[in-house]
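Every number here is computed from the coordinates shown, using simple stated rules; none is lab data. Worth saying up front: this structure is predicted, and the values here are computed from it rather than measured. No Cβ is skipped: glycine too gets one built from the backbone with ideal geometry, and neighbour counts run over all protein chains shown.
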Amino acid sequence: MPLDAITLHALCGELKAGAEGAKIDRVQQPEKDKILLSLRTREGNKRLLICASASGARVHFTAESFENPAEPPMFCMLLRKHLVGARIREILQPELERMLLFRLDTHDEMGDEGEKTLAVELIGRSANVILIGADGRIIDCLRRMEYGGEGRGMLPGMIYRMPPRQEKTPFFTADEQTVLDAFRDMDEDEELDKALLHCFSGLSPLVCRELAYRSRNSKDLLIENALALRETVQAGDFRPTLVSLDDAARDYSFLAINQYGIEAKNEPFATFSELLDSFYARRDRLESRRRRSRELMKTVRTAFERTLRKLNVQKEELAQTENREEIRRRAELITANMYRVKKGQHELICENYFDESYPEVRIALDPLKTPQQNAAALYKEFNRKKAAKEHLTALIAEGEKQCDYLAAVLDEIDRAESERDLADIRRELTETGYLKKAKSHKADRTKPQAPLRFVSTDGFEILVGRSNVQNDELTFRLARRTDLWLHAQKLHGSHVILRTDGVEVPLRSVEEAASLAAYYSQGREAGKVLVDITQIRFVKKPSGSLPGAVLYTDYSTIAASPDEKLAETLKK
């Protein structure tokens, strides 16, 4: 849901208390629509996230970590030039609009004091971050627009103009009589929530639906509940609330939401920043992962589908070689009955001595060939199909190996959590020949990452491979012979190593390692996953196999549940 004006008003109070007077130490732009300001405040260091995405525009303090691009975007460089060292003098929300103004005290290259404004507009698709000079002109903005409606151009050098006001009655700032008059003028035939939304500004669709739900479609009750909400907001009584449905975050607001029924859960938070961090963190990670991996996923899926089509054609051709023994028998029958055949004959009728009952068979002949030539042609066809079977069998085995490997890579991409994970996968695909080596003068400076590291509740180290190449590195170089090796049974996934240090590992640690093996596999969304466990000394690398492929023996199997919270708890 979008950040509504009242939630932003409550959030503005938090930001004023925590950020006014703070000094900006760093400016980062981890994604094209996200700005991260590192602040030095009286209470300590804080990080302020400004997001101008269409589906999640917001401003709040964050505890999340973000991965920065190798080279900062131009807008980030400009913000660093103007904002690093600046002090936030004041934070304003103009007339309960969905925007914030950060008034900044700055210094230029010569050390002279100045004033700038960072305007953060959080209005759906037109969300933007604009840096404005003391003269009111735009220095630059995150999204440049020649024409933004109502004469609002967003280009460097233009005079900044505030967003146009809505032609509605402001619900929270108008006097009570004006609000009551607006209620009387509401369309009687329109549903209450829609009538509220069309009549007043400052109310979000979610709040309008909630007021209508609480009023049981009674206009008198609606007016009573709306005026009570107005008093609550004016008194500053806000309750940061996350609404969950089926254990998934559905909405958030500044008041409890009851419209989803008894199945919904209202979870209170201490601050709106913590609420927004919780609501958007997982969703943004998934969206960022999908966006970053889209091109790579397309390339690998194309290779997988091409290999699969080729494999199906080869299997069809192999099926056509199954009658080769029948062809050989017909050739031998012609050879054995050569004295009966004359040139120009269309078929041979003889006894089939390959069958104990000696049935009579008819063998088609080419009348233009001699009996010897007819037999030779059948022997030639038999030998061709025999050779084809051997060749196709080898090709199919190789094709199945390639399909299995590409399916594993697709799973890796789906589970990649950062750009460095994707860089490791690209490097692996380049080494295996599925991607061409980039013709770039710049060397690839990204180093392969270390395996994911966890520590069990009992203090045992658990290592998880990030890619097929790293799985091999982990299993055959880093692990010791007596360490435990875990892998989801008959599913693509990471190799998991449980360090034993030569002692017996408690069952709890084994179960935690198995849960990690299930979570970092194709079965991540499943309820239960079978996980195989064996010692490293029983795991072998087949000769000539692709990265990640292994054979193992002497294993046991347990059922484990993929648990994201456990993974976060054990992660180091």
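A few notes on this one:
- Whole-Hz couplings from phi, Karplus 6.51/-1.76/1.60, listed for region 60-69; x for Gly and Pro: 6, 6, 9, 10, 6, 9, 10, 9, 8, x
- Rg and Dmax, both from the Cα atoms of the chain and both in Å, are 35.1, 118.
- Charge sum, other residues only, whose C-beta stays under 13 Å from Asn383's C-beta, Lys/Arg counted +1 and Asp/Glu -1: +4
- When you filter the GluC sites (Glu not before Pro) in region 443-533 for DSSP loop state and at most 11 other Cβ atoms inside 10 Å of their Cβ, you are left with Glu504.
- Residue pairs, from the table Lys447/Lys565; Lys219/Lys265; Lys447/Lys571; Lys447/Lys528, whose Cα atoms sit over 23 Å apart: Lys447/Lys565; Lys219/Lys265; Lys447/Lys528
- Taking amide H as placed 1.01 Å from N in the peptide plane, the amide H of Arg143 sits under 5 Å from that of Val129, each at least 5 places away or on another chain.
- Hits among aspartates and glutamates - C-alpha to C-alpha of Lys16 under 14 Å, sequence gap 8 or more where chains match: Glu43, Glu90
- Taken one residue at a time, the phi angles of region 553-568 give Karplus couplings (6.51, -1.76, 1.60, θ = phi - 60°) of 9, 6, 10, 10, 10, 10, 8, 10, 9, x, 10, 5, 5, 4, 4, 5 Hz. Gly and Pro are set to x.
- Formal net charge of residues neighbouring Arg537 (Cβ-Cβ distance under 11 Å; K, R +1; D, E -1): +1
- Extents of region 452-570, largest first, come to 38, 32, 24 Å (Cα atoms, principal axes, whole angstrom).
- Charge tally in the Cβ shell below 15 Å around Leu196, where Lys, Arg are +1 and Asp, Glu are -1, Leu196 excluded: -4
- Whichever lysines have a C-alpha closer than 28 Å to that of Lys369, once near sequence neighbours (fewer than 8 apart) are set aside: Lys342, Lys343, Lys380, Lys385, Lys386, Lys389
- Residue order, fewest to most surrounding Cβ atoms within 10 angstrom, among Tyr434, Tyr519, Tyr405: Tyr434, Tyr405, Tyr519
- Taking a straight line from the alpha carbon of Lys23, these lysines sit under 16 Å away, with near neighbours fewer than eight places off in the same chain left out: Lys46, Lys81, Lys116.
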